[in-house]
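Take a look at the following structure, please.
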Amino acid sequence: MSPWTRRGSVLTAIRLTGRLITAWKLVIKRSLANWRLLSAVVFGVLLASAIMASTVIYFEALRELALKQILSQHTDSELNVLIRARKGPVSEIEYRKVSSIVENQINQRVNWMLRGDPVRAGKTPTMFLTSPGQDARAGEGKDRSYIAFMPRLSEHITLVEGSRLPQDERLSPTGEPPELEALIPIEAAELFEVGVGDQLLAVPAWDSDTPYVTINITGVFRRTNSDAEIWEIERAMLQADTEGFRTVPFHITEDAFKSVLGLSFPRMQGVFVWQLPVDASKLNAKTSASALFGLDSMNGALTNTIPGYSQFTILDDALEDYDRRIFFSKLPMFVVLILIAIVILYYVASLSALIVEDRRSEIALLRSRGANSSQILTVFALEGATIAVIAVVGGPLLAAISISLLGYTPVLDDLTGGSRLLVTVSTSAYLMSALGGVLAFVALMFPAIQASRISVTRQRQQSSRPASQPAFQRYYIDVLLLLVSIYLFRQLTEQGSVLASDLFGDDTVNQLLLALPGLVLVASAMILLRLFPAAMGLASKVLSPRLSVGIVMGLWQMARNPTHYARLSLLLILTAGLGIFASSFGATLQLSFEQRVLYTTGSDIKVQGVAIVREMRAWGGGRGRRWGGSRPTPTPTPAVWPVATPRPAPVAAYQEVPD
């Protein structure tokens, strides 16, 4: 492009901008002359944009509130991720291989939500325990042991008097059974009546050329804080599953575990554990999906790479429960807000039609002075665009202020603590507000487009004899919408829900069925409007002998020219239908929530404090109970069913909460 061409384009753009600014000033002056009627239009468009933006703002606020409430039900230890991998033989090289694979996945998938470095640990399989010189009789009694390493153990223990930390070196000569130094907890020392300086033998329960390992107890320790997260590793992953046996854990150094113990038992499979401390403050509505995807993808990748890999946390179940609740809670909100938006947009279109009809004489005057349809339409377009821009900018702010005040209402008072609901105005909120502005702009322009095409002769003809039927009645659009609504209602009845399954079996929403209430409401209102003139004509004929002349003339006018009255009637019908739908829909939701709670608890009455006679061993602390599988199950819920006996007595039972 030559410099002269570029300069000409710039000058053309400047001239066009100047003309638009001049025309916009004239439009503003023209609009201010009719500010009373136009203010109602501005309010309607602003409300439409605010309603559209509130679907995002309110939903995001509820998501944050729901996630915070779900995470608050669990301790930090329960939210942490525990990783376990079995690998043999135990050596420095093999451990580095496994550690490199695991830590690489951690850094790629979930490192962003951790509040510190992963805590490592490891242990041997369960071994027989005996005294020196009794290795031939190992396994005859109920004494068991395992050898473990926890690099940060010294930071969380207090050694009793006379104790010291173990050394890395092997105490026995090469070729003889290994001899190592170890710490034991004070509970095990009291149970086995041993202390500092005593020796015990750990005999492998598998075929091994090395008959035993001698353990020199160099220290006895107390846990500084038994609730510290590091002890979750011991309770959930290191603790031997030897119910009915006496077990003592020997804690040695990491170097001794890999370099001395691993080389002495080349066929031994070690259990390596990583604890990932999750920072719950980094989890929010926007990052919850990434967190769940990271946990699932890490589990899938490492399961296919490392034999015997397993991953334990309550976080993935909590996030899945959160997604499921949000998925089922957002549908009713969207349905109601869509209906509200439809009513408001119709309100905007009705007011716009009134404004255009009020200005038809002005439009006819402009046409008689030589103005074409494009020039006339430009005036309405500038006016509508100005109103839409004001609504798009102010709608999300109005929605955010209104939604934040909902925190003071009794419905959300328990969750917000009587304070304002925390809201954020995101880009999605402005996009939804822009969608509402565009729809309102279309609603404003549709009557203007029709009016700009009317000639002077046509305008005079319509003023003396207006059209008896609107366009949607002439083309039977109302009947078409009613047929579509009947078909969708039949499909909803057969399907039973607006939910459907996609090709991969995931739950998804049928968007057509979601729009069914709006279609039924609009179609029913349009059908009533089609019957409105006939009903007015019939009423005037039947009641004319009994009514005064003025009332009869009014009925005749409504039957002859129902356009103005039809708009108000349709708005009233839509508003009344919306209220009836909201009240009935609220009762349906309340019943649905009650049934879901009853399904979860498994009984009509929940009794707290009932002693459960059956004794079950905890697996993984508060994570759940072990029922014969390797993965901890959700915590069972106590429930009580009265038994029909001559003297009724409560019977305590467990029911596992379904996922």
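Within a Cβ distance under 10 Å of Thr210, other residues only, what is the Lys/Arg minus Asp/Glu net charge?
-1
Skipping prolines and chain starts, which residues have an amide H placed within reach, meaning under 5 Å, of the one on Leu114, given they are 5 or more residues away or on another chain?
Asp279
Okay, next question. At a probe radius of 1.4 Å, what is the per-residue accessible area of Arg324, in Å² to the nearest 10?
Result for Arg324: roughly 100 Å² accessible.
Along Cα→Cβ, 7 Å out, is where each label goes; now give me the distance between the ones at Ile580 and Met553 in nm to one decimal.
In this crude spin-label approximation the distance works out to 3.5 nm.
P(r) tail for the stretch 126-186, what percent of Cα pairs lie past 19 Å?
48 percent
Order of 72-82, 145-155 by packing, highest average Cβ count within 10 Å first?
145-155, 72-82
How large is ³J(HN,Hα), in whole Hz, for each residue of the stretch 222-233 in order, when computed from phi with the Karplus curve 6.51 cos²θ - 1.76 cosθ + 1.60 and θ = phi - 60°, using x for Gly and Pro?
10, 6, 5, 9, 5, 8, 5, 5, 5, 6, 5, 4
Calculated FRET efficiency, Leu492 and Gln167, Cβ-Cβ r, R0 56 Å, to nearest 0.05? Don't skip to the answer; put the middle values down first.
On the way: r = 74 Å, r/R0 = 1.31.
It comes to 0.15.
What residues qualify as long-range amide H neighbours of Gln167, i.e. H under 5 Å apart, gap of 5 or more or another chain, H built at 1.01 Å from N?
Residues meeting the criterion, in which the H sits 1.01 Å from N, are Glu181.
5 Å is the cut-off here: which amide hydrogens, built 1.01 Å from N in the peptide plane, fall below it relative to Gly122, excluding neighbours closer than 5 in sequence?
Under 5 Å from the amide H of Gly122: Phe149, Val273.
If you find the alpha carbon centre of the stretch 321-385 and of the stretch 386-455, how far apart are they in angstrom?
14 Å
I've got another one for you. On the accessible surface of the stretch 54-139, probed at 1.4 Å, how many percent belong to carbon and sulfur atoms?
Looking at the stretch 54-139 in its full context, I get 45 percent from C and S.
Right, something else. Figure the gain on full extension for Ser374 and Gln73 (residue separation times 0.36 nm, minus the Cα-Cα span) and round it to one decimal in nm. It would help to have the intermediate numbers written out before the result.
Values: separation 301, 0.36 × 301 = 108.36 nm, distance 6.26 nm.
Contour length minus the Cα-Cα distance gives 102.1 nm.
Next question, about the same structure. Per 10 Å bin, what is the whole-percent P(r) computed from every C-alpha pair distance within the stretch 206-358?
Taking every Cα pair in the stretch 206-358, the percentages come to 7, 20, 23, 17, 11, 7, 6, 5, 3, 1, 0.
Using the Karplus curve 6.51 cos²θ - 1.76 cosθ + 1.60 with θ = phi - 60°, work out ³J(HN,Hα) for each residue of the stretch 75-83 in order, rounded to whole Hz, and write x for Gly and Pro.
7, 4, 5, 6, 7, 5, 9, 10, 10
Could you work out how far apart the two model spin labels at Arg86 and Asp414 are, taking each label as a point 7 Å from the Cα in the direction of the beta carbon, and quote it in nm?
Computed distance between label sites Arg86 and Asp414 equals 4.6 nm.
Short version: ³J(HN,Hα) in whole Hz for each residue of the stretch 282-299, in order, from phi by Karplus 6.51 cos²θ - 1.76 cosθ + 1.60 (θ = phi - 60°), x for Gly and Pro, what are they?
Along the stretch 282-299, the couplings run 7, 9, 9, 4, 7, 9, 4, 5, 5, 5, 5, 5, x, 5, 5, 5, 5, 4 Hz.
Something else about it: Given the protein chains as shown and a 1.4 Å probe, how many square angstrom of Arg86 are accessible, to the nearest 10?
110 Å²
The values are calculated or read from the model by the stated rules, or taken from the named source; none is laboratory data. Computed from a predicted structure; not experimentally measured. When we count neighbours, we look across all protein chains shown, and the Cβ atoms used for this are built from the backbone with ideal geometry, even at glycine. For the accessible areas, the whole protein counts, side chains as well, though only heavy atoms, and no ligand, DNA or RNA atoms are used. Shrake-Rupley method; radii C 1.70, N 1.55, O 1.52, S 1.80 Å.
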